[in-house]
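Have a look at the structure below, then the notes.
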Amino acid sequence: MSFDLAQTDQFAERSGTDAHILVLIEPRDRTTGETVPMGLWTGDDHQTFTVDGESHLFLGAGAVIEVPPIRAGIGLEVRRHRVILPPMTDAAKLALQVYQAAQARVRVWSQPLDIYTGAPLGSAQRVIKGWLETAPETLGKLGDQSRTELVIASAARRLTFRQPLFKSDAAQRLRDPADKFREHAASIADRPIPWGQETVVTEIPPPPPPLHTEGGNRG
């Protein structure tokens, strides 16, 4: 993780640090299929931040968003990160219940703030990037706190998805009506294919000519 010059200068002062958590969930609209970004952050007011070169509005959720320690590593191991949200936040309800949130992209940043002005200090540092796997909701008992936990799987999770066995001819022709590559996809399972075998075709000899009897030659 690299820091901007303004961030390293403030760190060097050793006067203190201040940073907030930004969470961006990108579910899909169930009707149109379009991505609808939903941002939350640990501040009190709604504010627009520039993250990864994009500007997004993040709704203030207060200091109730928790990110447990992040375990990073190199390799293709599927890693799962967790972000804890309050279940009563309207934005969280909208993203997880109204929109299609399954396998939605989720990104989490740490945004340093200027300890004197409270303004964003340099660029936000992305700490988590992945896809929403599950979002279990825990309803606490009377006097206890409820929460919604986002379980975010790393990009390696997509390498574990199985490919579909076949695609229909109709789906293939949506791309190109003249594409006949899957024309026989629906009936191919019923056709015997001698994989790795030699097919021998034997010609059937013509039937012999009819035999003439002596009686047939009498006048």
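The values are calculated or read from the model by the stated rules, or taken from the named source; none is laboratory data. No experiment lies behind these values; they were computed from the predicted model shown. Cβ coordinates were reconstructed from backbone atoms using ideal geometry, including for glycine residues, and neighbour counts include every protein chain displayed. Note: areas computed on protein heavy atoms with side chains; ligands, DNA, RNA excluded. Shrake-Rupley method; radii C 1.70, N 1.55, O 1.52, S 1.80 Å.
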Rounded to the nearest 10 Å², the accessible area of GLU54 at probe 1.4 Å: 70
Point-to-point label distance, ASP4-THR117, nm (Cα→Cβ direction, 7 Å offset): 1.0
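Quick one: order VAL83, VAL36 from most to least accessible surface, probe 1.4 Å. Write down the numbers at each step before the final one.
Values: VAL83 0, VAL36 35 Å².
Largest accessible area first, the residues go VAL36, VAL83.
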Anchor LYS141: lysines whose Cα lies under 21 Å away (excluding residues fewer than 8 positions away in-chain): LYS93
Label zone at SER15, where the point sits 7 Å out along the Cα-to-Cβ direction: region 115-150 residues whose backbone N lies under 18 Å: 115-122
All lysines inside 16 Å of LYS129 as judged from Cα atoms, apart from same-chain residues fewer than 8 positions distant: none
Solvent-accessible surface (1.4 angstrom probe) belonging to TRP131, in square angstrom, nearest 10: 50
Hits among lysines - C-alpha to C-alpha of LYS180 under 25 Å, sequence gap 8 or more where chains match: LYS167
All-pairs Cα distance distribution in region 43-158, expressed in whole percent, bin size 5 Å: 2, 9, 18, 22, 21, 14, 9, 4, 1
Residue-span extension gain [LEU57 to ARG126] - 0.36 nm each, minus C-alpha spacing: 23.2 nm
